[in-house]
Amino acid sequence: MKIALLTDGIFPDVMGGMQKHSYFLAKFLSRSGVEVDLYYTSPDASLETIQNRFTEDEKKLIQFYRVDFPKSIRLPGHYIRSSWKYSQQLYQLFLKLDAPDLIYAQGLTGWTFADANKRGKLNTPLLTNLHGLEMFQQALNARTKMEQKLLRGPARFIIQHSDYTYSLGGRLTEILEKFVAENRIIVQSIGLDASWLGNEISAPEKKNLSTRFVFVGRNEARKGLQYLFEAAASLDNHNTQIDFVGPIPEKEQVSSPNFTYHGAISDEDQLKKILDNSDVLLCPSLAEGMPTVILEAMARGLAVIASDVGAVAELVSAKTGWLIKPGSVDELAQAMNAACNDSSLEQKKSAAQQLIRSRYTWERVVEDTIAGFKDILRAKSGN
């Protein structure tokens, strides 16, 4: 089986959840014996830079095709124009190569392929994954609303003119069902490298005398940091500590003896140490897909307080934490207070880790993904 994997970057050369997903998908597909034509862009033109991210055995089944991402004048919609041009370049390269069995397109990379599919010019099944579908979720300010409005047209077109489209689950499936039939939606989670799994928690053991929270994320409106600052001010337990990981400018940091700002952290071992010293991850976002940070925190044995957006409910429940209404300071504060006083916190932490261990490692996710590929190919052949 050969798959054409289209992406706009490979982690860590290009940062982002979709780029990380592309990296691990290529890696674990090749480990499972699937040939991968990897179409990507990178700020570094050196093929060796990307190839060094993979083992020798993995590279035996991966063909690397780098394409420059087009530059556009920075006017409203410049990213969308560049994405269309990038997709066109990928399609022209695709036509020159031997056809794969399936095309797996991340984000907007499948735009031109969807157009060809609409016109009956594409003979290979097109599978697209728009991940978090943030353009169809709640926006906080006028700028975000405008960005989302510009993205909705291309996203809707890609979804409607793919043979199959992926959902990470939860509310994301509900969004996709507005555009395509249920039988064209494949529900498949993202995965986590098994190296993130901490020591198995068999007998829950309290890490801290008080409950320690941690927030990991960028400083942007949809991450809900402003709600977290408001909720923290009303905590009953004023000895509670909160660690903040991410590029939060000093001028936007709320000063408190209970807050520790670590800045942006790219070193995984350093992040693991902070998580290992915490009890509860805070993820009060207005819009998400399936945040990798939730999987990472749960793998290290943390419970989670998170907004019920995207596919978050696939991970966070009463067994593993607290699911709250997005944008609700009251519910966030109540959940944080509950975490400080709930005798079942240790059970939630243990259940969170067990969930990741049983269902969300990359080995399990790729096994399910390949099974889905085979089902599609069987349906195409009529067998």
Degrees, to the nearest 10: 78-96 long Cα axis against longest axis of the chain: 40 degrees
Proximal lysines relative to K251, as straight alpha-carbon distance under 20 Å, when same-chain residues fewer than 8 apart are discounted: K223
Region 1-159 - percent relative contact order, Cα under 8 Å, separation 6 or more: 23 percent
Spatially proximal lysines relative to K374 (Cα-Cα < 27 Å; intrachain offsets below 8 disregarded): K2, K20, K27, K59, K60, K96, K118, K121, K178
Size of charge dipole - region 194-359 - debye, nearest 20, with Cβ of Lys, Arg +1 and Asp, Glu -1, no other charges: 240 debye
Degrees separating the helix 17-31 axis from the principal Cα axis of the chain, which is the longest one: 60 degrees
Computed over region 119-244, Cα set: Rg, Dmax in Å: 20.4, 64
Stretchable slack from R53 to Q347, in nm (0.36 nm times residue separation minus alpha-carbon distance): 102.1 nm
Rounded D (µm²/s) - the chain, Kirkwood Rh over Cα pairs, Stokes-Einstein at 20 °C, 1.002 mPa s: 98 µm²/s
FRET efficiency, R378 to D98 (Cβ-Cβ, R0 25 Å, nearest 0.05): 0.70
On Cα atoms only, tilt of 362-381 relative to the major axis of the chain in degrees: 30 degrees
Largest to smallest principal axis extent of the C-alpha atoms in region 194-359, angstrom: 41, 32, 31
Spatial separation of Cα centroids for region 92-143 and region 234-282, in angstrom: 37 Å
Burial ranking of peptide ranges 342-353, 312-323 (average Cβ count within 10 Å, highest at the top): 312-323, 342-353
Compactness relative to 2.2 N^0.38 Å, alpha carbon Rg of region 318-363: 1.36
Chain lengthening between Q253 and A181 when straightened (0.36 nm per residue, less Cα-Cα): 21.4 nm
Added length on full extension, which subtracts the Cα-Cα distance from 0.36 nm per residue, D269 to K325: 17.0 nm
Simple spin-label estimate for H78 and A233 in nanometres, 7 Å along Cα-Cβ: 3.7 nm
Candidates S285, S189, S42, ranked by Gaussian network fluctuation over the chain, Cα under 10 Å, top entry: S42
Dimensionless Rg ratio for region 1-132, taking C-alpha atoms and the 2.2 N^0.38 Å reference: 1.01
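Since every read-out is calculated from the coordinates, none of them should be taken as a lab result. Values in this document were obtained by computation on a predicted structure and should not be read as measured data. Neighbour counts are summed over all protein chains in view; Cβ atoms, including those assigned to glycine, are modelled from backbone coordinates with ideal geometry.
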